[in-house]
Amino acid sequence: MVQIEQLAARTPAVSVDELLKGFYPSPRFGEVSFSSYRPDPKQPSQAAAVRALEGFADGVGSGNGGGLFKKLFGKKDESRAGIYLDGGFGVGKTHLLASLWHASPGPKAFGTFVEYTNLVGALSFRKTVDALSSYQLVCIDEFELDDPGDTVLMSRLMRELADAGVKLAATSNTLPGSLGDGRFAAVDFQREIQVLADQFDVIRIDGEDFRHRGLPAAPAPLKNSELNAHMKAEFDGKTVAQDEFSTLIHHLAGVHPSRYRQLIHGIDGVVWRNVETITEQAVALRFVVLADRLYDKDVPILASGVPFDKLFTEEMMAGGYMKKYFRAVSRLTALAREGQNHEPS
């Protein structure tokens, strides 16, 4: 028997403490370590990255505080506040970042760039700084600068955390000085971007770049008449969120993205009827966040309507947010393959 719920009927209320407690590696990286990372012997930069991160972990929580007192009376710290892993998809950057988190003393936070910007939106900038300033380490996965507001926001946040003595670690597929290129007029914000880049030592991790492989083929959508039978077969004894796609899209506009992790809490699978192409940018970006949270928790998908490689418009897939949309399509496709074909995601 399947227990059926609706995401569109859920409105999670989340406290500040609950939001902060959600900043830890997803189950996919819940038990990784430096020793479980397998460097490619043909790519010496991978082993070098492990050594650099192990050394960085030794310095987390070493008592090098920040703030006004240190600025006035303390010895100047010539080292940078953070470490920055740059490389293509599939070279293990998130594995290494999560390993750093596991190896370091707390309190500590691990989240995606979008999760931190959403945290600021939920709490306010000052409360976010106050909450994170007491942490030993803040890890930022998939570091992106999608618009001028995010550029200024994250630059200020990183500067204030660094001044408070917080160690920072981040991953991205773009070198820090190039963040934001192609998204907006980067020249106008070059000063902010450069200040942000100056906070990090950059470690390049070489390896095969999965961006050149294109998207995996999306499975053919199911018919509406097939959904119930497949749901009963795939999710017997489990809790499933079954929604009309348009209703879910409308509902997401009223739930802050910082709460999407709680929105899908306890859900073992999702079933969407009549998936349609998203044509509005704001709606699409919200859905990207939901896709990330579903992928983090490895929630299989059954769906009817358009295939996921048609979820976003051609203009979106070629525009400034294309990396986010390609990632979302890839992840949703993997979850659909898991739900329909039993292929691991």
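The values are calculated or read from the model by the stated rules, or taken from the named source; none is laboratory data. Treat the numbers as computed from the prediction; the structure is a model and nothing was measured. For neighbour counting, all protein chains shown are included, and Cβ atoms are generated from backbone atoms with ideal geometry for every residue, glycine included. To get the accessible areas, we keep the full protein, side chains included, count just its heavy atoms, and leave off ligands, DNA and RNA. Shrake-Rupley method; radii C 1.70, N 1.55, O 1.52, S 1.80 Å.
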**Prompt:** Looking at the range 157-181, which of the residues that are modelled with pLDDT of 90 or more and charged (D, E, K, R) is least open to solvent (accessible area, probe 1.4 Å)?
**Reply:** K167
**Request:** Go through F308, F312 for me and flag whichever is open to solvent by less than 30 Å² (accessible area, probe 1.4 Å) and out of contact with any Phe, Trp or Tyr (no Cβ under 9 Å at 6 or more places or on another chain).
**Result:** F308
**Request:** Check whether at least one residue in the range 11-25 is part of a helix (DSSP H, G or I), surrounded by 15 or more Cβ atoms within 10 Å (Cβ to Cβ) and either in contact with a strand residue (DSSP E or B) (Cβ under 8 Å, 6 or more places away or on another chain) or aromatic (F, W, Y) (or both), and report yes or no.
**Result:** yes
**Asked** Mind checking which residues of the range 220-244 are more than 19 Å from D268 (Cβ to Cβ) and either open to solvent by less than 40 Å² (accessible area, probe 1.4 Å) or assigned to a helix (DSSP H, G or I) (or both)?
**Response** N224, S225, E226
**Message:** Based on this model, can you work out whether V275 counts as open to solvent by 20 Å² or more (accessible area, probe 1.4 Å), modelled with pLDDT of 95 or more and among the β-branched types (V, I, T)?
**Reply:** no
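Mind listing whichever residues of the range 281-302 are outside any helix (DSSP H, G or I) and either open to solvent by less than 10 Å² (accessible area, probe 1.4 Å) or acidic (D, E) (or both)?
To start, the set of residues in the range 281-302 that are outside any helix (DSSP H, G or I) comprises 297-302.
D298, V299, I301, L302 - these are the residues of the range 281-302 that are outside any helix (DSSP H, G or I) and either open to solvent by less than 10 Å² (accessible area, probe 1.4 Å) or acidic (D, E) (or both).
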